[in-house]
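What follows is one structure encoded as structure tokens, with my remarks underneath.
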Amino acid sequence: GSYQRSQATIAAYDMMDRMRLNRAEATVSGQYQFATFGAAAPGGGSVPKQDVTDWLARLNATLPNGQGTIDCDSNKMCDISVRWRDRFSASTATCELDPTACEVLTISTQIAP
């Protein structure tokens, strides 16, 4: 469990760093916005879209049923959440069917201009 939480933390901070490198896209145009767990990766060849696509693929490969969301508000406060299936859960359902079978880690940060 602690290994999975560590991997989720590393992944969340990785996305945070990517967003800080592309502040304008993250805060002005909202191109990193990805607010639904389990949604299909965004299409397109822009750096933010590729960052999100790569991040989601890595979450899925690193964590069981690994998924992520990114939600930024008008004050440039961003919540980066990682969700994965808890290996100790008695439920065999996916996170979408049984959210109690999953762990969620959320990191909040302000992406300053």
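Distance from the alpha carbon centroid of the stretch 26-83 to that of the stretch 1-25 works out to 10 angstrom. Here is the list for the stretch 24-113: trypsin sites (Lys or Arg not before Pro) lying in DSSP coil, each with at most 13 other C-beta atoms within 10 angstrom of its C-beta, are 87.
Computed over the stretch 1-97, relative contact order equals 27 percent, with contacts defined as Cα pairs under 8 Å that lie 6+ residues apart. Each other residue within a Cβ distance under 11 Å of residue 18 adds +1 if Lys or Arg and -1 if Asp or Glu, for a net charge of -3.
Before rounding to the nearest 500, sum -39500 (n - 2.57) across all DSSP H runs of length at least 4 in the chain and divide by the residue total; then give [θ] at 222 nm in deg cm²/dmol.
On the way: 2 runs with 36 residues, N = 113.
That calculation yields -11000 deg cm²/dmol at 222 nm.
Over 22 Å, how big is the tail of the calculated P(r) for the chain, in percent of all Cα pairs? The calculated P(r) of the chain puts 29 percent of pairs beyond 22 Å.
Each reported figure results from applying straightforward, stated rules to the coordinates on display, with no laboratory input. Quantities reported herein were computed from a predicted structural model and do not represent experimental measurements. Methodologically, a virtual Cβ is constructed for each residue, glycine included, from the backbone with ideal geometry; neighbour enumeration extends over all protein chains shown.
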